[in-house]
1. Placing unit charges on C-beta atoms (Lys and Arg positive, Asp and Glu negative, everything else neutral), compute the dipole magnitude of region 435-520 about its Cα centre in debye, rounded to 20.
2. Please list, in order along region 593-600, the HN-Hα scalar couplings obtained from phi with the Karplus expression 6.51 cos²θ - 1.76 cosθ + 1.60 (θ = phi - 60°), rounded to whole Hz, x for Gly and Pro.
3. If R₀ is 25 angstrom, what is the calculated FRET efficiency for the pair residue 210 and residue 627, using the beta carbon separation as r and rounding to 0.05?
4. Quick check on the chain: of the DSSP beta bridges with both residues there, what percent are antiparallel, nearest 5%?
5. Using 19 Å as the cut-off for backbone N distance, which residues of region 275-295 belong to the label zone defined by a point 7 Å from the Cα of residue 498 along Cα→Cβ?
6. Filter the trypsin sites (Lys or Arg not before Pro) in region 356-401 to those in DSSP coil with at most 15 other Cβ atoms within 10 Å of their Cβ, and list the result.
7. With +1 on each Lys and Arg Cβ and -1 on each Asp and Glu Cβ, and nothing else charged, work out how big the dipole of the chain is about its Cα centre, in Debye to the nearest 20.
8. Could you work out the longest stretch of the chain that avoids the GluC sites (Glu not before Pro) located in DSSP loops with at most 10 other Cβ atoms within 10 Å?
Amino acid sequence: MKNKFICSRSLSMIVLLLSLFGFKAQAQWDFKSNYFKIHVDNKGFITSMKNTTVTPNREFSPTDKPSPLMCLYDSSAKKYYEPQQAKFDNKTNTFTLNYSNGSVAKVVLSPKAKYLKLTLKSLSKRENIDDIQWGSYHTNITNLFGEVIGVARDTTKVVNYAIGAMALNDQTTGGISDTEGEAAPFQYIIHSPDKKQFPLPANLHEGQIFSIGGDGISDVAFYSHPEEYYRILYGNAALIDSKGQIYVTYHSKDRTKKRDILFSLIPMLQTNIPNHQEVMPVPGVDYIGSSIALWGSPDNTALKDVIQNIVQSEGLPYPKVNGKWIKDPARYIPDVTTDGNLFDSIVSYTKQLGFKAIHANELPYYKVNRGYKGFIDGKNFETKPFKFTSGNKSHKEFTDISNAQGVFMGRHTIATALAQGTKDASPIPSDSLCYQQKRILMNNLSATDTIIQVNDPKYLEEIASWEGHCKNLNMIKIGKELIHYLGVSKTAPYRLLNVKRGYWNTKATSHKVNDDIYKLQVTINYGYDGLIPNLDLQDAIADDYMDVAKINGIYFMDLDGQEFLFNTGQGYYGVKRFFKKMYDRAAYHKIDYIRITGATLSEGSWHYQSVWNVGGGKNMYDVEKRVWGSTTSEGKDIRDVAYSNYFPATFGGNFNINKNSKVEDYEHVQAMSVGAGATYMLGINQKSVESCPQKYQIFKAIRTWEDARAANAFPDDLKRKLANPKRSWTLEKGKDNNTWILYEKINGAKTNPTTLRRAEGY
């Protein structure tokens, strides 16, 4: 009896002390935003996620899959640690999470109006923990998953709800902790967004993985499955389990440590088998301070109500065009892409169409060269690549005309590839190049010696770069000399084989024993040939792009080869870092807006990238057959990724105006563009346009649609009808600049007139 009394008094004292120090006595806690409520248990798991906008609240947390607030990851042991115990300090909004390895994490959970903010403040006993993972946050949603930004979406009218997460700083990136190279594999996953409409065949199951198509080099051939349940992947911030249920994950890595990876973005294809790579430390970039927003919202308002609020409230990148966020569907503006190298009327055409940017596609790839110091046409703009009947013009002369009329001009670049003959590549290569392996020279070399002995042959037989493994790009750097080689001897003393000295017009010189040897990270052939910069040089290249923009008036960049940003081994962090440096430099130059398109889309580029106008022609959208890709599945695949991630889809470079072009085709293109939320690059060749009898009617029709789009005049229910390729429409201007009349065309006749009005604030 005495012992029982003492225990009771001790327990009461503990409860009192806990309450005095701010710890809630209950073992479970609720947190909510305007539309979302979660329940956290005493182990640190979310056991309930509810939509609070409906009565009764709808539950989205699977009963058999609670979600850890935060996990720890030990990459050397390839082991995750989930929280075992949780306590919450109400005064500081801080969870104390205990793990089985003895680590203790302090995580602040701060409820905001439209999201819950989670931040890692500290982690003890962290010696073997090189990554922390937010989640995975499991849902019972089985409709659409946004793998780029991390969102589970149920777009049905019955449910209409989304649950997602968003990184609140650059050290936090989308995806799971054990992603090799921190860029998710580019492949297909089996998932039916609607099991009734798209039932899976008996030989397929949810979550099954397949390779992309083709040889791994031709990007057109990648897209090889028109079936709706073949879903191509551009990330892993959201994925599906074996039941098709969607889960969301973010993570953050300790980048202060050197690490080794075995990486390929397309690891299932022989032409892109993974390479071993040493990844250099990034001083000061750690997982302490990693932060995410966890949110839930009605899906049809999530983008502009919740995600936009997160972006603005947390100071994330917020590019605007014509006064609105680039993610606003009212700013999904198509562009012009040119060929024929005659530019007399191109700016005029673009203005008449209501478009805002010209992609000068007939010019050769722009290859970044810091040696120009921004003056890509010479110090006096003496090079004049743009052909005009009245006399050719430099970039600056062209943009002086176009920018004054609100039309940007852009170039097709090869991103950060450092081509032969450019400042940082050759004839004097930079000491800030990215490398895959570092070795030691074991013998003295004269300028003509081809016997190069190395201390360790490991991985040197690999052909450089995961992409294509192009033999002519397999090179090392010793001092200021580039040396080509193929293979390494099997026995000691280990030497490189098939050596070519003074490669890429570098100077063959003598080298001493114990000099460093760097096996360089490179790109691919087909005009993209180049070396990869390390992060510091990548920063300088981002600055250089914006110096070029300022000096030459070029405010539109097509970053082809955008996947080269993954080649440093820093994954989406490396992408974010590049774009942040670019935008910071743009702000320094007082450039209000840089329009970015590129070869890919990732969690690293989502905030910065305006559009994703890849591919083209019938691979993307066939206006005659009215299908998303009639020759490959590229159009369907890109559409599904973009739409699921609240990003504009694309028809690519397409629909060239020529002598046979008809107004009704462009009415259809514009209806689909507005309805499906897609942009495109309209093919313009001045001579072909002038041969078109209906050119002005086409310009007027497109402009009418663009004016109404910019006014946000199309309600969501109507967009769903417009996105049906079997239907036909025509749009006319109304009585003033704030109204339009939409007709559905049935058997060529205008029917069912609907008046559209400019939305408030537009």
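1. 120 debye
2. Here the 3J(HN,Hα) series is 8, 10, 8, 10, 10, x, 6, 8 Hz.
3. Efficiency, rounded to the nearest 0.05: 0.70.
4. Beta bridges within the chain, antiparallel portion: roughly 85 percent.
5. Residues 275-276 fall inside that zone.
6. Those satisfying the criteria are 373, 379, 387.
7. 1560 debye
8. After excluding every exposed loop site, the longest remaining stretch is 128-381.
Any read-out appearing in this document is the output of simple, stated calculations on the displayed coordinates, not a laboratory observation. Worth saying up front: this structure is predicted, and the values here are computed from it rather than measured. Counting neighbours? That spans all protein chains shown, and the Cβs are built from the backbone with ideal geometry, glycine included.
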